[in-house]
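Have a look at the structure below, then the notes.
The values are calculated or read from the model by the stated rules, or taken from the named source; none is laboratory data. It should be emphasised that the depicted structure is a prediction, and the values quoted were computed from it without experimental measurement. Ideal geometry is used to build each Cβ from the backbone, glycine not excepted, and the neighbour counts take in all protein chains shown. The area values use the complete protein model at the heavy-atom level, side chains included, leaving out ligands, DNA and RNA. Shrake-Rupley method; radii C 1.70, N 1.55, O 1.52, S 1.80 Å.
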Amino acid sequence: MFGTKRELMVIALRDTDAVAEELREALATADEKDRPGLERAAALLARAAAVPDSEIRGRWALRRITAAGHTGPADSVHAVKALRQAEPGLSLASAVLLSKEAAALQAVDASRT
């Protein structure tokens, strides 16, 4: 249909709220021996929950692109093709956006080395 805007049909699923609640409950009754480990787990969970959805989607896309055998830039035509072959339900627009998010992660990794 003409004039319709296509939406990104890929979402990042998280269950950090439920896990955080479990950790809070465990901390409330924890003895001194268990408390440091639970506090560390809560800090790690908070850090994971702060990761933007675009980064989670980018990591997923990069894993799928790599698993499909592509070794070049994640935002290349070949990477988009590999991603769509690995995940046939992805629209071209979604695959392009995901490949761009994956490429952004590649750029960050490259700048760290």
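Data for the structure
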quantity: Count - residues of region 95-113 that are surrounded by 21 or more Cβ atoms within 10 Å (Cβ to Cβ) and out of contact with any helix residue (DSSP H, G or I) (no Cβ under 8 Å at 6 or more places or on another chain); calculated: 0
quantity: Residue list for region 62-82, filter: open to solvent by less than 50 Å² (accessible area, probe 1.4 Å) and touching a Ser or Thr at 6+ places or on another chain (Cβ under 6 Å); calculated: A74, A79, V80
quantity: Residue, farthest from D17 (Cα to Cα), within region 38-77, restricted to residues that are touching a residue at least 24 places away in the same chain (Cβ under 8 Å) and charged (D, E, K, R); calculated: D75
quantity: The listed residue being at pLDDT 90 or above, of a type outside the set (K, R) and on the phi > 0 side of the Ramachandran plot, out of G37, G69, G3; calculated: G69
